[in-house]
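Engineer: Can you keep this structure in mind? I'll have questions shortly.
The values are calculated or read from the model by the stated rules, or taken from the named source; none is laboratory data. Not measured: the values here are computed from a predicted model. Counting neighbours? That spans all protein chains shown, and the Cβs are built from the backbone with ideal geometry, glycine included.
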Amino acid sequence: MLKKRIIGVITVRNGLAVQSFGYQKYLPIGKPECLVENFDRWGADEILIQVIDRSPNLLGPDFELMEKLGKLGIQTPLIYSGGIRSVDDGVRLVQLGSDRIAIDALLHDNLPEVTSLSKILGAQAIIASMPISLVRGLPMWFDYRSKNLKKISIDVIGLIESDVISELVVTDWIHEGMTVGYDQGLVEIFELKKTAIIAFGGISTPKQMKSLLQNRKVSAIAVGNFLSYKEHALQVFKEALGGMPIRGPVYQSSISELVD
Amino acid sequence: MERLQENLPLELVLSKLTAGIIDYGAGNLASLMICLKQLGYAVKVSDDFNVLNSVDIIFIPGVGAYPAAMKALHQKGLVSYLREQARLQRPIIGICLGMQLLASASHEFEYTTGLDIIPGEIISMGPSKWHIGWNTVETKASEMALMSSNGGIFYFNHSYRYEGPTKYQVGLSQCPNTIATIIRKNKVVGLQFHPEKSQLAGRILLKNLILELVSNA
């Protein structure tokens with residue numbers, strides 16, 4: 001059966017991988033390509049690169065970074081997010097080595113372009129990404145460019161449920177990078193019939209992971225900061241998640257295993 | 001002519017083998033190219049018949065929509081070329097959309113005739129909509145090259161699937177119903193998953209499959 005996934009998240013700002021805390025505080029931790037290679041070696045199920053300074057500064061996607069990552073020859077599927085404005089951007093990212101793309105600002109700015117992207121790349125390659133918080137029980141959508149909260153429009157919900165995208169990243173942006181854990185209420189407020197949820201933000205312990213992975217709405221959990229605190233963190237988490245419907249820990253990703 | 005000579009010692013087969021990746025503008029060729037190079041093969045990426053004639057095995061990659069991919073293959077004259085290569089028993093591996101292109105037709109967006117090398121049609125996944133992530137593949141016992149990959153877990157990312165005669169279905173997965181994820185007719189094999197993105201499991205499968213296909217060429 002299809003496994004649920006643990007996605008390694010690498011947040012990039014000013015060309016450096018950073019630890020991000022609540023979408024407002026950032027600590028540089030090194031070159032993104034080094035983290036990508038680590039997650040690949042540790043057997044991540046997918047790797048999400050989110051370049052957070054592209055859309056606010058109208059820079060477009062970081063093609064240079066994507067090209068660099070594409071040439072690493074990693075064996076793990078890559079998802080790129082950050083600055084995507086058009087079909088041409090999406091196609092170029094895929095040609096440079098991204099397997100899927102995640103859309104955030106474009107959901108605010110240009111829904112028809114998201115639909116066009118889906119027609120060219122296929123909906124399976126398109127992920128919607130939404131930072132959400134609950135305000136008096138109501139879901140509010142955070143625009144990280146303006147730092148404002150707004151209601152989720154019917155048009156956006158309609159697009160998410162219309163086979164244009166394949167999965168939705170629901171980010172608990174308030175708890176992102178913190179150990180208090182992901183607010184599972186964020187998953188519960190979405191009554192999506194067709195679209196599975198990737199939960200991201202503050203997921204730091206096997207207990208929190210188990211709870212999310214047992215939720216039928218959740219197809220994957222995404223973990224960022226908490227994979228950077230120790231070596232082989234992915235395998236350690238996977239070991240602790242015995243009995244969950246996930247792919248087990250991988251310890252042999254070396255090409256040397258193939259030498260007769 | 002760089003194609004493999006018959007009766008080469010097995011250990012030389014890998015080192016002398018050249019893989020050709022068809023370039024028809026579809027998606028991410030770099031991942032497959034690097035993967036094959038890491039496995040020790042020379043790689044040529046081309047849409048030129050002369051170049052493709054010189055390789056030992058042809059890969060049809062693919063990301064995106066079926067109609068656009070077939071249109072691109074037609075524009076480059078590759079449809080009749082690939083049909084002829086299959087008839088000549090040359091080894092061909094189609095990956096993801098590349099596997100689906102091997103079939104007779106697809107219902108993605110509109111009815112589109114495929115390469116028609118392996119009988120069958122490409123239809124929607126149905127209620128499950130997507131098949132995204134890692135899933136187990138059970139291989140047919142008769143497929144010796146796939147034996148060590150039986151029960152292996154590979155990375156999938158698609159929303160349409162193969163429907164056709166069971167005799168061509170040599171690998172199956174549950175999603176949640178049983179679907180064909182490896183198809184084969186003679187020297188032509190289709191892999192619905194991405195071996196180049198399936199870490200060690202993908203490379204083991206590719207290595208064994210390529211070796212079998214070219215060593216019996």
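Engineer: Report those helices (runs of 4 or more DSSP H) wholly inside region A:120-220 carrying at least 1 residues which are closer than 30 Å to A:Lys230 by Cα and in contact (Cβ under 8 Å) with a residue 40 or more places away in the chain. Even if it seems obvious, please write down each step before you answer.
Structural biologist: Numbers: elements: A:154-160, A:185-188, A:206-213.
Of the helices (runs of 4 or more DSSP H) lying wholly inside region A:120-220, those with at least 1 residues that are closer than 30 Å to A:Lys230 by Cα and in contact (Cβ under 8 Å) with a residue 40 or more places away in the chain span A:185-188, A:206-213.
One line per residue, one yes/no per condition, for (1) crowded, with 21+ Cβ neighbours inside 10 Å; (2) assigned to a strand (DSSP E or B); (3) among the small types (Gly, Ala, Ser); (4) at pLDDT 95 or above:
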position: B:Pro127; (1), (2), (3), (4): no, no, no, no
position: B:Glu138; (1), (2), (3), (4): no, yes, no, yes
position: B:Ala145; (1), (2), (3), (4): no, no, yes, no
position: B:Ser148; (1), (2), (3), (4): no, no, yes, no
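Engineer: Just to confirm my filter: which strands (runs of 3 or more DSSP E) fall fully inside region A:1-103 and include at least 2 residues that are more than 14 Å from chain B (Cβ to nearest Cβ) and over 12 Å from the mean Cα position of the chain (by Cα)? Before you say what the answer is, go through the steps one by one.
Structural biologist: Details: elements: A:5-13, A:16-21, A:25-30, A:46-51, A:78-81, A:100-103.
The qualifying strands (runs of 3 or more DSSP E) are A:5-13, A:16-21, A:25-30.
Engineer: Which of the residues belonging to region B:39-51 are within 14 Å of chain A (Cβ to nearest Cβ) and either within 18 Å of the chain's Cα centre (by Cα) or buried (at least 16 other Cβ atoms within 10 Å of the Cβ) (or both)? Please lay out each step first, then the result.
Structural biologist: Pass one, region B:39-51, residues within 14 Å of chain A (Cβ to nearest Cβ): B:39-41, B:43, B:45.
Within region B:39-51, B:Leu39, B:Tyr41, B:Val43, B:Val45 meet the criteria.
Engineer: Also, quick follow-up: Residue check: is B:Gly133 within 14 Å of another protein chain (Cβ to nearest Cβ), closer than 23 Å to B:Tyr24 by Cα and crowded, with 17+ Cβ neighbours inside 10 Å?
Structural biologist: Numbers: within 14 Å of another protein chain (Cβ to nearest Cβ): yes; closer than 23 Å to B:Tyr24 by Cα: no; crowded, with 17+ Cβ neighbours inside 10 Å: yes.
For B:Gly133, the condition - within 14 Å of another protein chain (Cβ to nearest Cβ), closer than 23 Å to B:Tyr24 by Cα and crowded, with 17+ Cβ neighbours inside 10 Å - is not met.
Engineer: Another question, if that's okay. Within region B:101-122, can you find the residues that are touching a Gly at 6+ places or on another chain (Cβ under 7 Å) and surrounded by fewer than 22 Cβ atoms within 10 Å (Cβ to Cβ)?
Structural biologist: Hits for region B:101-122 are B:Ser104, B:Ala105, B:Pro119, B:Glu121.
Engineer: Scan region B:185-207 residue by residue and report those that are surrounded by fewer than 24 Cβ atoms within 10 Å (Cβ to Cβ) and not in a helix (DSSP H, G or I).
Structural biologist: The answer is B:Lys185, B:Asn186, B:Lys187.
Engineer: Touching a helix residue (DSSP H, G or I) at 6+ places or on another chain (Cβ under 9 Å), modelled with pLDDT of 95 or more and polar (S, T, N, Q) - does that describe any residue in region B:84-102?
Structural biologist: Within region B:84-102, one or more residues are touching a helix residue (DSSP H, G or I) at 6+ places or on another chain (Cβ under 9 Å), modelled with pLDDT of 95 or more and polar (S, T, N, Q).
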